[in-house]
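So the structure is just underneath, and the comments pick up after that.
The values are calculated or read from the model by the stated rules, or taken from the named source; none is laboratory data. This one's a predicted model, so the numbers in the text were calculated from it and none came from an experiment. Here the Cβ positions follow ideal geometry from the backbone for every residue, glycine too, while neighbour counts run over all protein chains shown. When the accessible area is computed, the model is the full protein with side chains, heavy atoms only, and any ligands, DNA or RNA have been set aside. Shrake-Rupley method; radii C 1.70, N 1.55, O 1.52, S 1.80 Å.
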Amino acid sequence: MDPYIREHNIERNDIANAGTVASLTKRALKQRGLSREFIKQVTIGVYEAEINVVIHSYGGTANVAIDDDFVEITFQDKGPGIENIEQALQAGYSTASSYAIENGFGAGMGLPNIQAVSDEMDLQSSENGTYLRIKFNIKEDSYEH
Amino acid sequence: MNIDVLTTDSRFKAINDSAPDAVISGIFACDMLSHVMGHAAEGNVLVTVLSNINVLGVASLLDLPAIVYPHKIVPNETVIAKANELGIALFSTSLTTAETVILLHELGV
Ligand SMILES: Nc1ncnc2c1ncn2[C@@H]1O[C@H](COP(=O)(O)OP(=O)(O)OP(=O)(O)O)[C@@H](O)[C@H]1O
Ligand SMILES: [Mg+2]
């Protein structure tokens, strides 16, 4: 099948539209006949990463690539960055604002969730922005039987 | 199990009527969306006090067909309209979260 390539803008604090990237990616994966379980893993990863850009950053972009043997999504935002990545990856660690908490975020489980569902995760950050790449390998059993 | 079990029980007040044929199985109760995202399963009825629009996004992504708001919580019109668009059934109840979960369990959900 033809590769699926999309670029999305993610706006800071735009909670009403947060989840759009995950939703469109889910739809594209469905159309390619991937299994519910595989789609769920990708959806969780994309959603959590997307929300983090919305609630923790000044905004950024998501690039989604789906090919025959992988799904890769890269998120790049405009800062302020993550001071201590090791700490940020710990379950329960959160610096979520009261605005984010009121909206149901801030359990400190997003990055651990991403780590759990993805096959590869690359997280880099400076005050100029955070880069997150997550990859899911498509195998024979990733398709609906 | 059909969503009827909720619709026909007077302790649940249907907020909309957008998923009359929804099939439900299992209960997930939580107010932190990353926990819902990480642990809820397709078909689960979500019990949450969170009445904002993100909950619908999460429910839709995970294929959760129904949300029950305890403590008489009713979401605003924007949220109800979004639920109608996504085909997610919304209910409100005067019960607490724990009581809601127990009742759903007793009803066989
Ligand atoms: N894109 C980002 N820019 C800046 N900081 C970030 C970004 N993503 C994550 N962080 C930092 O890492 C912490 C942990 O992120 P994680 O997603 O695990 O939890 P959370 O977003 O705080 O809560 P949850 O995801 O459970 O709603 C955040 O609280 C924040 O301090
Ligand atoms: Mg997060």
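When you look at B:MET37, is it open to solvent by 10 Å² or more (accessible area, probe 1.4 Å) and on the phi < 0 side of the Ramachandran plot, yes or no?
Taking the combined requirement at face value, the residue does not satisfy it.
Return yes when A:ILE134 is touching a Gly at 6+ places or on another chain (Cβ under 7 Å) and closer than 23 Å to A:ILE39 by Cβ and no when it is not. Here the answer is yes, as A:ILE134 does meet what is asked.
Name the residues in region B:1-55 that are of a type in the set (Asp, Glu) and touching a Lys or Arg at 6+ places or on another chain (Cβ under 9 Å), would you? Lay out the reasoning, then the answer.
Initially, region B:1-55 is screened for residues of a type in the set (Asp, Glu), giving B:4, B:9, B:17, B:21, B:31, B:42.
The answer is B:GLU42, and nothing else.
Of the residues making up region A:1-22, those that are touching a residue at least 12 places away in the same chain (Cβ under 8 Å) and out of contact with any Ser or Thr (no Cβ under 7 Å at 6 or more places or on another chain) number 13. For region A:43-88, residues that are open to solvent by 30 Å² or more (accessible area, probe 1.4 Å), part of a loop (DSSP other than H, G, I, E, B) and more than 7 Å from ligand 1 (Cβ to nearest atom) total 7. In region A:61-80 there is at least one residue that is in contact (Cβ under 8 Å) with a residue 12 or more places away in the chain and within 24 Å of B:LYS82 (Cβ to Cβ).
Give region A:97-110 a look and list any residue that's within 14 Å of chain B (Cβ to nearest Cβ) and surrounded by fewer than 18 Cβ atoms within 10 Å (Cβ to Cβ), or say none. Passing the criteria: A:SER98, A:TYR99, A:ILE101, A:GLU102. Annotation: A:ILE39 fulfils all but one of (1) out of contact with any strand residue (DSSP E or B) (no Cβ under 8 Å at 6 or more places or on another chain); (2) among the β-branched types (Val, Ile, Thr); (3) within 8 Å of ligand 1 (Cβ to nearest atom); the unmet one is (3). Scanning region B:45-78 for residues that are aliphatic (A, V, I, L, M) and surrounded by fewer than 20 Cβ atoms within 10 Å (Cβ to Cβ) yields B:VAL49, B:ILE73, B:VAL74.
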